[in-house]
Amino acid sequence: MLLPQNGRIAIIDDQLQEVQPLFNIFSKQRIPYNYYSGLRVADLPDNPDINPISVLFLDLNIVEAQHSSKAVISTLHPILRAVCPSKSKPYFLVVWSKKINDYSVELVTHFNDNRDLKTKKPVKFIYLNKSDYFSYNADGTYSFDEETFPALINKITEEFNDLSLLRNLITWENIVHAKSCETVSEFSSLFPIDADWDKNSKAVVYQLAKSIIGPDDIDKKVTKNIGGVNQEVPKFSDAQKMAKGFTQVNSFLSEKIENEVEELKLGDANAIFDDTITAKNRAGRLSSEVRAKINSKLHIFTKVNTTDVLEQGNIYIHAYRKDYIAKILSKDKYGSNANKKQDIINSKPKLIKLDLTPVCDYAQKKGYVRLVHGILIDHQFYTEITASEQYYYKTPVFEWNSKIVFMLFDFRFIYTLSEQEIEKSVSYLKFKLRREICTDIQSQLANQVNRPGISNL
């Protein structure tokens, strides 16, 4: 049965005996869930966007004495506002009620029309009628018919399998969850659980960190002025060692997830195409803003304003230098518009440097940093810069500081500095390029510098 395995299920029903079958199904499958009676708003989540739900099972009539649709919807409104995620987080809403026909239309209308809930609308409404699975007793209570248990499971499975994209998103989350648990088990089981387990496991993290930081630097001490007194302190704190060690664990986990996805473990999908792509609209449904956001997620991540950690992919932003920028643009082609180069310079693009130092050089602590110069330019000039010369590398557009920009690197301007020199010369670090795009830049740079050339008469 396809349901989130990471606790992103909420059940709201004031009658415990009527949700017990759901409890039993989820407990048997080891599926975590959150239960709320709905009778006290104070018991509901403080922030619905923290670990947001993917599935909500909702009893429509929380207060049985209410019979008007207006009163029912009024009672549900603060509950939905507190539980349903915003920020366009897709989720299923499963109406689990005895009076589906009485209030379900009003519920959908309320989501569409109410200002508080418009951004919280589910991607799909699923209707499960309690009367199909419960028997009505003479004393006015309901009891679950155990013979309908398989039918309830089949109905839930059928409804959830109907929407391929959200189903696959949930499956992917489940794969990440399962592989994370598997990774934890593999690393934590290297030593027996005994009095030395904690120390032994920390030694593993230490060795993983050392493979990145380098054997000469992992235990190195530096002098820092603390409270007006020069003191020797570790160059890398325990927290930094832990973070570096887990960088290796992240890589191990990433490969597990990638293998699982590549083996088509997500499930069936259909209609994976952009039905708006035409000869006149080759971009399809994706606006330049959406493309920039996607590229940002694929290729960069923001870093804190620091130069403490030197590593491949760091982008350092420098003070504006018109002469440097003009040199980088000196050989580009601008078609028939001779003023375009000056327009780019006048837009004051940011001068940047990219750290392309091989990871192994950092690990072996060679003590130098290799930087390639470039500029950060507004996307309006993207088509104007052809980057036809082999020594140019033009990145895709991406979003940075709420602006759509791109980077142009010039392989003619590569410098090798000591770590101490870069710490003194760079202005500040804002973000980092991910490994894949760094590898692509290195590959193009290698093509530029490895061409042997020939002598001829």
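The values are calculated or read from the model by the stated rules, or taken from the named source; none is laboratory data. Everything numeric in this text was worked out from a predicted model, so none of it was measured. Here the Cβ is made from the backbone with ideal geometry for all residues, glycine too, and neighbour counts use every protein chain on show. Surface accessibility is based on the protein's heavy atoms, side chains included, excluding ligands, DNA and RNA. Shrake-Rupley method; radii C 1.70, N 1.55, O 1.52, S 1.80 Å.
Beta carbons closer than 6 Å, at least 6 apart along the sequence or on distinct chains, pair a first residue in segment 38-59 that is closer than 25 Å to residue 100 by Cβ with a second that is among the acidic types (Asp, Glu) and at pLDDT 90 or above for 59/13. For residue 324, indicate whether it is open to solvent by 80 Å² or more (accessible area, probe 1.4 Å), at pLDDT 80 or above and hydroxyl-bearing (Ser, Thr, Tyr). Against the criterion (open to solvent by 80 Å² or more (accessible area, probe 1.4 Å), at pLDDT 80 or above and hydroxyl-bearing (Ser, Thr, Tyr)), residue 324 qualifies.
Here is the figure for segment 42-69: residues that are modelled with pLDDT under 85, of a type outside the set (S, T, N, Q) and surrounded by fewer than 16 Cβ atoms within 10 Å (Cβ to Cβ) total 4. Within segment 145-200, being more than 26 Å from residue 251 (Cβ to Cβ), open to solvent by less than 50 Å² (accessible area, probe 1.4 Å) and in contact (Cβ under 8 Å) with a residue 60 or more places away in the chain holds for 149, 152, 153, 156, 157, 159, 160, 164, 166, 167. Tell me yes or no: at least one residue of segment 268-279 is at pLDDT 85 or above and open to solvent by less than 50 Å² (accessible area, probe 1.4 Å). Taking every residue of segment 268-279 in turn, none turns out to be at pLDDT 85 or above and open to solvent by less than 50 Å² (accessible area, probe 1.4 Å). Restricting to segment 114-144, and then to whatever is out of contact with any helix residue (DSSP H, G or I) (no Cβ under 8 Å at 6 or more places or on another chain) and not hydrophobic (A, V, I, L, M, F, W, C), can you tell me which residue is most open to solvent (accessible area, probe 1.4 Å)? My answer is 115.
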